[in-house]
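Working notes for the structure below.
The values are calculated or read from the model by the stated rules, or taken from the named source; none is laboratory data. Keep in mind that this is a model prediction, so the values were computed, not measured. FYI the Cβ positions are ideal-geometry reconstructions off the backbone, even for glycines, and counts take in every protein chain you see. Remember, those area values only see protein heavy atoms, side chains included, never the ligands or the DNA or RNA. Shrake-Rupley method; radii C 1.70, N 1.55, O 1.52, S 1.80 Å.
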Amino acid sequence: MNEWKFSVNGYDPACTALDGNRFLCANGYMGLRGTVEEADKGQFPAVTLAGVYDRFEDKWREPVNAPHGLSIRLSLDGQPLDAGRAAPLKHTMEIDYRTGTISRETDFGAALVRSRRFASMAFCHLLADRYEVLFSADGEMALSVGISTDVWDINGPHLFDYSFERGDTLSVSAVTGEKRIPVAVAQRAVTDFEGEVSFVQDEGGVFRVIRRAVRAGERLTVCVFAGVYTGLDGGRPLENARQLCQSAAQIGYEACLYAHRAAWEAIWQRSEVSVSGNEEAARALHASQYHLNSIAPRHADNMSIPARGLSGQTYKGAVFWDTEMFFFPMFVYTQPEVARSLLRYRIDTLPGALEKAAEYGYRGAFYAWESQEGGREGCTNFNVVDVFTHRPVRTYFRDKQIHISGDIAYALYAYWEITGDRFLLEEGGARVILECARFYLSRASCRLDREEIDFADVIGPDEYHERVTNNAYTNGIILNCMENALALEDIFKDRPEWFTRLIKETHFEKDWLLLSEAKNKIRRPRKRNGVTEQFDGYFDLEDCSLDTVRGRLRDPREYWGGDHGVAGCTQVIKQADVIALAALFPDSFTDGEIAANWDYYEPRTEHGSSLSACMYALTACRTGKLDQAWELFMRTASIDILGGGKEWAGEIYIGGTHPASNGGAWMIAALGFAGLSMKNGEISLDPHLPKQLSRLSFPLTARGTRWIVTVTHEGASVRQADERCRAGSAIREE
Ligand code: BGC
């Protein structure tokens with residue numbers, strides 16, 4: 001097995017959606033789904049643009065898919081050679097995680113097609129493909145190379161007022177419906193053969209069609225370059241797209257590929273977790289890190305990452321708590337500039353969070369549960385559609401999942417602790433933490449002068465139990481948020497005037513006085529035999545097995561939560577909740593308590609979210625349950641290779657890549673197996689290496705210094721990365 005590559009043989013139409021995710025190539029600016037070049041809409045081709053949203057009629061707002069600039073169709077003697085329709089003799093798709101390239105080889109009998117494509121990590125607006133055909137029969141070939149507008153949309157259409165250009169450079173430009181944002185794609189093709197060229201332009205896009213007679217044994221190659229720009233990039237999108245594809249065509253495919261590979265190499269140098277002893281694990285880790293690294297917004301300094309990355313429009317392209325709790329850890333330890341961008345997005349969207357709090361009658365910052373551009377709340381009050389009645393179901397994620405604000409404050413504080421960079425706090429981060437703490441003060445369910453303060457009517461990470469009181473995770477993150485707010489005074493002790501001014505400018509004086517008392521009064525959850533009760537009254541719910549609850553489903557797509565859901569009245573939970581708390585704040589639990597909670601909650605957890613297994617794995621490491629940790633690690637790390645994640649919530653499609661699991665794989669390896677943490681500015685390791693691995697090693701950057709962590713069964717070490725070890729551990733020659 002090659003640790004860096006994954007391939008699928010054979011064309012299975014049932015796997016089109018899954019393969020589109022597995023073979024996704026992305027570069028933070030856009031994500032090109034892993035469909036074959038000739039795919040039509042039924043195969044879900046898409047070039048999903050980061051941060052460009054649109055609403056069509058009264059449907060959900062979602063990210064916009066650009067016209068597909070690497071669309072190629074081939075026919076011989078009038079017969080389309082289409083992997084989806086022509087039943088090829090052989091078909092292989094392969095992804096090379098190291099170089100971020102997708103290859104395809106399809107044997108149609110009369111012709112063999114080979115291609116290699118990428119979304120450039122060096123020039124984020126560029127897509128490129130090298131497409132080669134080797135003929136084994138004589139005939140009349142027609143090769144259409146163009147820009148397809150026949151792309152997948154869940155709640156579209158989103159592009160209107162198309163205009164097309166033909167010639168050496170093809171282009172499509174359009175505007176989005178809601179905000180009239182221009183979107184432009186231009187394409188240039190370079191062939192090593194001649195032919196008769198004509199153009200086709202219709203509602204399916206614009207194509208140049210090259211016709212010629214071919215002979216058996218002849219090999220023809222076309223290199224295709226597409227530039228993609230939108231009105232949000234500044235400048236003139238169409239001009240820029242044209243210029244980019246023309247320059248790329250001049251430089252040539254190999255040079256573009258070289259720059260792309262060099263950019264990926266630099267990313268791997270800074271982030272690769274390498275393991276010995278188990279090739280499957282090594283590959284799964286590479287897959288996870290590839291998928292997470294490929295969607296980092298390196299082109300911007302205040303962008304975040306949607307829950308399904310750039311694999312399509314699922315989950316409305318919105319940013320959830322997934323970012324701070326699951327994506328952020330890998331970035332803050334390996335590429336702090338990316339972590340900074342994720343947090344700056346939250347700083348810049350504070351006005352939206354203040355507005356949302358005010359909308360519900362609270363003070364401070366209540367962040368969007370599903371955050372779109374500008375912090376706009378994408379979550380509706382009816383976020384699930386019932387499979388029986390086909391009616392939207394009232395859900396409470398938007399208004400009751402208040403832990404989101406504390407999650408953001410947690411990450412802001414962690415950023416400061418790990419990087420030592422106070423600038424982000426000065427530039428708005430401190431204000432965000434204060435406003436989140438203020439939100440919780442005003443959201444408390446009883447007067448602050450009571451002996452204990454409750455937080456009622458909330459939803460914790462386990463979304464199946466709605467509107468509960470004193471959810472352990474929520475109360476824990478609120479406590480942490482208040483502590484972080486109070487810690488700011490110490491962080492800025494050398495700038496007391498600046499800090500006093502901040503408190504004054506934000507009118508925080510009164511809240512400041514309440515904070516330390518309030519934090520001590522937050523209701524601590526009830527415990528039974530060391531097990532923390534997930535929320536008030538949880539232990540009184542029906543205690544039945546997961547199988548019993550599953551057996552009550554009348555439809556496999558049925559939603560388990562809410563008023564009528566099968567899990568709501570039972571102790572069966574969707575995902576890690578108390579265990580997530582234990583994973584984040586291990587010092588608040590003894591090892592015995594973690595073990596007791598694990599043993600209680602794990603059998604009651606559906607793991608119905610890809611966010612769950614990672615938290616269980618982290619806590620399993622801590623308590624020495626290494627066999628369980630290993631199984632959960634492999635499940636987490638393999639998710640975008642094997643597929644199998646949930647694809648439906650009620651009638652809503654939720655498939656795509658799983659960046660939270662991708663980040664979770666890094667977390668298990670680094671924070672679990674190596675036991676990495678930062679304590680008072682010092683790196684600390686508490687290794688728990690499973691027997692399946694003989695060695696684990698990874699680079700990290702902390703407080704401005706690069707380090708290499710190595711763990712074996714003999715012990716663990718962290719040493720400063722000098723030039724030699726940098727070259728030795730992460731860069732390998734192909
Ligand atoms: C999970 C949430 C998560 C969201 C996006 C839901 O299924 O329950 O915790 O934020 O998916 O990944």
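Overview of values
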item: Near pairs, Cβ below 7 angstrom, 6+ apart or cross-chain, from segment 76-97 (part of a loop (DSSP other than H, G, I, E, B)) to any residue that is of a type in the set (S, T, N, Q); result: L81/S75; A83/T106; G84/Q43; P88/T106
item: Meets criteria (touching a Phe, Trp or Tyr at 6+ places or on another chain (Cβ under 8 Å), away from the ligand (no atom under 16 Å from the Cβ), open to solvent by less than 10 Å² (accessible area, probe 1.4 Å) and of a type in the set (V, I, T)) for I478; result: yes
item: The one condition in (1) in contact with a Lys or Arg (Cβ under 8 Å, 6 or more places away or on another chain); (2) assigned to a helix (DSSP H, G or I); (3) aromatic (F, W, Y) that W512 fails to fulfil; result: (1)
item: Filtered residues of segment 308-367 (kept if open to solvent by less than 10 Å² (accessible area, probe 1.4 Å), more than 16 Å from the ligand (Cβ to nearest atom) and over 24 Å from R443 (Cα atoms)); result: M330, F331, V332, T334, Q335, V338, A339, S341
item: For I639: the one exception among (1) touching a helix residue (DSSP H, G or I) at 6+ places or on another chain (Cβ under 6 Å); (2) within 16 Å of the ligand (Cβ to nearest atom); (3) closer than 13 Å to Q575 by Cβ; result: (3)
item: Selection status of R422, out of contact with any strand residue (DSSP E or B) (no Cβ under 6 Å at 6 or more places or on another chain), surrounded by fewer than 21 Cβ atoms within 10 Å (Cβ to Cβ) and modelled with pLDDT under 95; result: no
item: Residue, least open to solvent (accessible area, probe 1.4 Å), within segment 532-545, restricted to residues that are of a type in the set (S, T, N, Q) and in a loop (DSSP other than H, G, I, E, B); result: Q534
item: Output for segment 222-248, where each listed residue is without any contact (Cβ under 8 Å) to a residue 24 or more places away in the chain and under 12 Å from L70 (Cβ atoms); result: none
item: Strands (runs of 3 or more DSSP E) enclosed by segment 177-285 - at least 2 residues per element that are among the hydroxyl-bearing types (S, T, Y) and assigned by TED's automatic domain parsing to the domain that holds A122; result: 219-230
item: Pair list, Cβ under 6 Å, 6 or more apart: segment 651-665 residue open to solvent by 10 Å² or more (accessible area, probe 1.4 Å), other residue away from the ligand (no atom under 11 Å from the Cβ) and in a loop (DSSP other than H, G, I, E, B); result: E651/V387
item: Hits in segment 441-466 - residues which are within 16 Å of the ligand (Cβ to nearest atom) and on the phi > 0 side of the Ramachandran plot; result: none
item: Unique match (being of a type outside the set (V, I, T), farther than 30 Å from T380 by Cα, in the same structural domain as E593 (by TED's automatic domain parsing) and within 16 Å of the ligand (Cβ to nearest atom)) among A674, A660, A665, A669; result: A665
item: Scan of segment 193-251 for residues that are acidic (D, E), out of contact with any strand residue (DSSP E or B) (no Cβ under 9 Å at 6 or more places or on another chain) and modelled with pLDDT under 95, ordered by number; result: D202
item: Matching helices (runs of 4 or more DSSP H) fully within segment 546-630 where at least 3 residues are out of contact with any Asp or Glu (no Cβ under 7 Å at 6 or more places or on another chain) and open to solvent by less than 40 Å² (accessible area, probe 1.4 Å); result: 578-584, 591-601, 612-622
item: Neighbours by Cβ (under 7 Å, 6+ apart or cross-chain): first from segment 590-612, under 25 Å from E324 (Cβ atoms); second outside any loop (DSSP other than H, G, I, E, B) and open to solvent by 40 Å² or more (accessible area, probe 1.4 Å); result: I594/R622
item: Residue check for G644: away from the ligand (no atom under 16 Å from the Cβ) and at positive phi; result: no
item: Of all residues in segment 296-307 being open to solvent by less than 10 Å² (accessible area, probe 1.4 Å) and among the aliphatic types (A, V, I, L, M), the one that is farthest from the ligand (Cβ to nearest atom); result: A296
item: Number of the condition not met by D462 [criteria: (1) touching a strand residue (DSSP E or B) at 6+ places or on another chain (Cβ under 6 Å); (2) in a helix (DSSP H, G or I)]; result: (2)
item: Residue count, segment 98-122 (criterion: outside any strand (DSSP E or B) and either crowded, with 22+ Cβ neighbours inside 10 Å or touching a helix residue (DSSP H, G or I) at 6+ places or on another chain (Cβ under 7 Å) (or both)); result: 7
item: Any hit, segment 86-98, residues being basic (K, R) and within 31 Å of the chain's Cα centre (by Cα); result: yes
item: V206 vs. criteria touching a helix residue (DSSP H, G or I) at 6+ places or on another chain (Cβ under 8 Å) and within 17 Å of P45 (Cα to Cα); result: no
item: Residue in segment 373-395 that is within 15 Å of M325 (Cβ to Cβ) and touching a residue at least 24 places away in the same chain (Cβ under 8 Å) present; result: no
item: Residue check for T389: in contact with a strand residue (DSSP E or B) (Cβ under 7 Å, 6 or more places away or on another chain) and at pLDDT below 95; result: no
item: Set Q269, Q250: member being more than 28 Å from D192 (Cα to Cα) and open to solvent by 50 Å² or more (accessible area, probe 1.4 Å); result: Q269
item: Matching residues, segment 26-60, being assigned to a loop (DSSP other than H, G, I, E, B) and open to solvent by 20 Å² or more (accessible area, probe 1.4 Å); result: D40, F44, R55, F56, E57, D58, K59, W60
